[in-house]
Every structure is written in structure tokens, then in C-alpha cells.
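Here's the structure, in C-alpha cells; my notes come after.
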Amino acid sequence: MTPNARPAPDLRPLPPAGVADASLAASGRRVFEIEGRALDAVAARIDGDFAAACQLILAAHGRVVCTGMGKSGHIARKIAATLASTGTPAFYVHPGEAGHGDLGMITDADVVLALSYSGESDEVLMLLPVLKRQGNRLIAMTGRPQSTLARESDVHLDVSVPVEACPLDLAPTSSTTASLAMGDAIAVALLDARGFTADDFARSHPAGALGRRLLLHITDIMHAGEDVPRVSADASVSEALVEMSHKRLGMTAVVDAEDRLIGLYTDGDLRRTLDDAGVDLRSTRIAEVMTRSPKTIGADALAVEAAQLMETHKISGLLVVDTERRVVGALNIHDLLRARVV
């Protein structure tokens, strides 16, 4: 900076003078109170029209096409995403883009869910003649039962609210929350009606922690074959320790001649053995110091079930057995960590 140069002005916005923290918190709480009352009012209107909307979707051979303009469009997009992830194929179409070619995405087998709180959004109303001519069934979600969109729909869902949470009663707040909740209600009702399961949910959420918890099975992460530590009941404690050291799972199964499980020896058992002066590691049989009836799990179980079993019983490893108690695999907490199940 040259000697006579002026420093650049600080253009960062300053908070209004005199705004107290308590006042801000009170405004926030007021929003929750107003929107809570709005949700109660809309919930009281879950009736035959709601059931009719769900029946339309259940009977459809196509998808649910959600549309809306502005804030209603944002809500419609989220409703489409929720429907799609819970067993009801759905997608969002911007009404403005639909009028310029995207209508071709909508087939005559689709049900259209149109959101407009006023029920008079020009971009949405413009689509109605084409949709009617194509034979699409229309579900409208508005705050005005006498609006054009409501009158032209096959089923109307009334999401009107007493007042917006905005103190000016202008910005969509209570109304968008009510519309979003109505969309969630539809999605959950359809989920229940279809018998949608956690396994179904996982198939549409394969990425991330949710998919790993719901899709990953024991067989996907367990050690199998020669990697499973096992010794016979006649083995000495020292022979069991060698097997544990080679397989590096912190445990070894103790099996009979048919490979059926009769016990387990772990690092914890070893510590207890070393505390017993009467135990000779070379001469004592593993059957004398092993844990009998250890916790096990089946190969078809979910990996998350293994994590829950380990946590409940405060153990760090599990043997995997078949229906006849033959040892088919083994895993420990580190396998679950590597698989990011825990």
C-alpha cells in the first residue's frame, strides 16, 4: 500500500443495533408454534380425499409426476424424492420447462401431483389442457379449494393454513411446511400399503452408511475356509495360541471331528488362563479352558446384526455357523470397522 492510499472499506454487513438474543430466540419459537398449529389443522383434514389420492397412485401403472412453481416447486421436488425412495416411482418436472418440451417426459400412465398454494399458478394451469387430453389423472395440493387447479383436479388435498409464520404473512412458511408434511403422509401411507420393507429401502439407498447397514451380510465380510482359526478339543493351549497367532482374529474355534463347534478360545480367555498358576500351556487341553456355548451368528444375517450382538454381549469376535453348528466363518470388530458397518 502506498503511503497516502486509503484502506479498503469493510463491506461486511453489520447486525441491526439493539437486536437482543432473547428476541431472536422468541421469533424462532414463534415460528415453531405457528407451524405446529398449521400442521394440526391440516392433519384434521386427512380424510376420504387423502385416501382417494393414495388409491389413484396405487392403481396407476406409471409414475407420480410432481410439479410446482417457486417454493411449491421445491416442495414438489422433495416429495418426488421421498416417494421414489419409498417404493413409489416418481420424478419432478418443472412446469415452465414442461411447456417447452419436457411434457414429453409424462406418459398417459402417469399420475400428476401438482402443487400451488394459490391454485392459480399460470405455469401449472397452462399444463392442464394437455394433461387432460392425454388422460392423466390429476391430484392437486392447494390452499384454496375453490381455485382453478383444485376444481380441475380429480382429487384435491386441502393444505390451507390459518396464517404464515412470516410476520408479514407473505413468505411461504407454514404453507410449505404443511405441503411437505402432506407429501410425507402420502409417501408413508403408500409405503404401508405396498408392504415396503427395510430391505426394499436399502435397495434404493445402496450408498453410504444406510446401504451398508441394510445390505451387507455376514458372508460379505467374514473370513472363511482356511482363514478360519480352528483346533480340535485335544489340542493343547499352546497349539491353540499358535493357531490364533497365525489367523490373527484374536480367537480360535474348538471343533469336533465333523467341524461342529464345541467351544471358543479368545484373547480374554488367554489372560484368564495366564492368571491360573495351575495351567501349563503345553500340557493343558484347550477343552479344559475354552468358553463353552459361545455366541454365534448365521452366514445369512446382516453385518449390522453382528455389530449389535458384539455390543450387547461386550465381545469383539463371532464365529459363523450353519444350521448344524458347523463352523463356516469368523469375523471380529475390525472386520466390521473396515466394512464401515460401525
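The values are calculated or read from the model by the stated rules, or taken from the named source; none is laboratory data. A quick note: this is a predicted structure, and the numbers were derived from the prediction, not measured. Note that we place each Cβ from the backbone using ideal geometry, even for glycine, and neighbour counts take in every protein chain shown. Surface areas here come from the heavy atoms of the whole protein model, side chains and all, with no ligands, DNA or RNA. Shrake-Rupley method; radii C 1.70, N 1.55, O 1.52, S 1.80 Å.
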Might you check whether a residue that is within 30 Å of residue 195 (Cα to Cα), at pLDDT 95 or above and among the polar types (S, T, N, Q) occurs anywhere in the range 146-153? yes
Looking at the range 327-342, I want the residues that are without any contact (Cβ under 8 Å) to a residue 60 or more places away in the chain and have a partner that is open to solvent by 50 Å² or more (accessible area, probe 1.4 Å) with Cβ atoms under 7 Å, at least 6 apart or on another chain. Which pairs are those? 333/316
Scan the range 291-319 and report the pairs whose first residue is open to solvent by 80 Å² or more (accessible area, probe 1.4 Å) and whose second residue is among the β-branched types (Val, Ile, Thr) and in a loop (DSSP other than H, G, I, E, B), with Cβ atoms within less than 9 Å and a gap of 6+ or a chain change. 295/315; 311/342
Residue hits (the range 281-322; among the hydrophobic types (A, V, I, L, M, F, W, C), part of a loop (DSSP other than H, G, I, E, B) and over 31 Å from the mean Cα position of the chain (by Cα)) are 281, 289, 290
Single residue of 112, 130 found to be loosely packed, with under 14 Cβ neighbours inside 10 Å and touching a residue at least 12 places away in the same chain (Cβ under 8 Å): 130
Here's a check for you: in the range 28-77, which residue that is among the basic types (Lys, Arg) and more than 21 Å from residue 120 (Cα to Cα) is surrounded by the fewest Cβ atoms within 10 Å (Cβ to Cβ)? 29
Within the range 82-106, residues being touching a strand residue (DSSP E or B) at 6+ places or on another chain (Cβ under 9 Å) and within 21 Å of residue 123 (Cβ to Cβ) number 9
Read through the list (1) farther than 17 Å from residue 332 by Cβ; (2) in a loop (DSSP other than H, G, I, E, B), then give the number of the only condition that residue 272 fails. (2)
